[in-house]
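Here's the structure we're looking at; comments come further down.
The values are calculated or read from the model by the stated rules, or taken from the named source; none is laboratory data. These figures come from a predicted structure and were not determined experimentally. Because the Cβ atoms are built from the backbone with ideal geometry, glycine has one as well, and the counts that use them run over all protein chains shown. With ligands, DNA and RNA removed, areas are computed over all heavy atoms of the protein, side chains included. Shrake-Rupley method; radii C 1.70, N 1.55, O 1.52, S 1.80 Å.
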Amino acid sequence: MCGIVGMAGGSMTVKHDKMMKDMLVVDTLRGEDSVGLVSTRSNGQWQFQKSTAMPLDFLEFKRVKKMFHGNNVMYLGHNRAATVGAVSNATAHPFHCGDIVGVHNGTLHGWKKDLDDSDDFEVDSECLLHNISKNGIKATLEAIQGAWALV
């Protein structure tokens, strides 16, 4: 299954940036199919990037390097081990659905019949986050079966 890493708190320092990068690389043990990162700045502005690249290559992308410059207060990273759907940049985490940006670890059973709008999604993770945004967390979690961890 996938791996999720992150940190949150006051303004991140260069030490925190390095730690987050190291966690993304080490977390490859939990998934080698894709990698993604969300950062949130102290002003509430957030950004995310995702790719099928390996973390060492991903961290060298200019657009990813820019995510580590500024007053970040939160990082959330994900390494995917594909269980549902193809390996592509589109199926890499995180997903942005409505007011939610999130990641999922696990595999849902019967999600194509249990979740709304499932034909619009290639992977259970994005459909799950879409349903949470659309129907709320309680209704969505009551509808699913399988393994899941969400951030």
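State whether one or more residues within the range 74-85 are surrounded by 21 or more Cβ atoms within 10 Å (Cβ to Cβ), closer than 30 Å to residue 134 by Cα, modelled with pLDDT of 95 or more and of a type in the set (A, V, I, L, M).
yes
Under 8 Å by Cβ, and 6 or more places apart or on different chains, what pairs join a residue from the range 129-145 that is touching a residue at least 40 places away in the same chain (Cβ under 8 Å) and of a type in the set (Gly, Ala, Ser) with one that is open to solvent by 40 Å² or more (accessible area, probe 1.4 Å) and in a helix (DSSP H, G or I)?
So the pair list comes out empty.
Every residue in the range 134-151 that is in contact with a helix residue (DSSP H, G or I) (Cβ under 9 Å, 6 or more places away or on another chain) and either open to solvent by less than 50 Å² (accessible area, probe 1.4 Å) or of a type outside the set (Lys, Arg) (or both), please.
Of everything in the range 134-151, those that are in contact with a helix residue (DSSP H, G or I) (Cβ under 9 Å, 6 or more places away or on another chain) and either open to solvent by less than 50 Å² (accessible area, probe 1.4 Å) or of a type outside the set (Lys, Arg) (or both) turn out to be 135, 139, 140, 141, 143, 144, 145, 146, 148, 150.
Note down all Cβ pairs under 6 Å where the first residue falls in the range 82-104 and is free of Cβ contacts under 8 Å to residues at least 60 places away in the same chain, the second is of a type in the set (Asp, Glu) and not in a loop (DSSP other than H, G, I, E, B), and they're at least six residues apart or on different chains.
Once the first residue is free of Cβ contacts under 8 Å to residues at least 60 places away in the same chain and sits in the range 82-104, its partners that are of a type in the set (Asp, Glu) and not in a loop (DSSP other than H, G, I, E, B) give 84/124; 95/126.
Could you check how many residues of the range 116-132 are open to solvent by 10 Å² or more (accessible area, probe 1.4 Å) and out of contact with any Phe, Trp or Tyr (no Cβ under 7 Å at 6 or more places or on another chain)?
Total meeting the criteria: 7.
It is to be established whether one or more residues within the range 59-69 are closer than 25 Å to residue 124 by Cβ and under 17 Å from the mean Cα position of the chain (by Cα).
No, the range 59-69 has no match at all.
Mind checking which residues of the range 1-21 are open to solvent by 70 Å² or more (accessible area, probe 1.4 Å) and either under 22 Å from residue 107 (Cα atoms) or in a helix (DSSP H, G or I) (or both)?
Hits for the range 1-21 are 1, 14, 15, 18, 19, 21.
Scan the range 27-50 and tell me whether some residue there is over 30 Å from residue 111 (Cβ atoms), over 14 Å from the mean Cα position of the chain (by Cα), touching a residue at least 60 places away in the same chain (Cβ under 8 Å) and buried (at least 16 other Cβ atoms within 10 Å of the Cβ).
no
Condition test on residue 65, is it open to solvent by 30 Å² or more (accessible area, probe 1.4 Å) and at pLDDT 95 or above?
yes
Suppose we keep only residues that are in contact with a Leu (Cβ under 6 Å, 6 or more places away or on another chain) and closer than 11 Å to residue 133 by Cα within the range 93-109. Which one would you say is surrounded by the most Cβ atoms within 10 Å (Cβ to Cβ)?
102
List the pairs whose first member sits in the range 59-80 and is in contact (Cβ under 8 Å) with a residue 24 or more places away in the chain, whose second member is aromatic (Phe, Trp, Tyr) and in a helix (DSSP H, G or I), and whose Cβ atoms are under 7 Å apart, counting only residues at least 6 apart or on separate chains?
Taking only residues 6 or more apart or on different chains, the pairs are 64/58.
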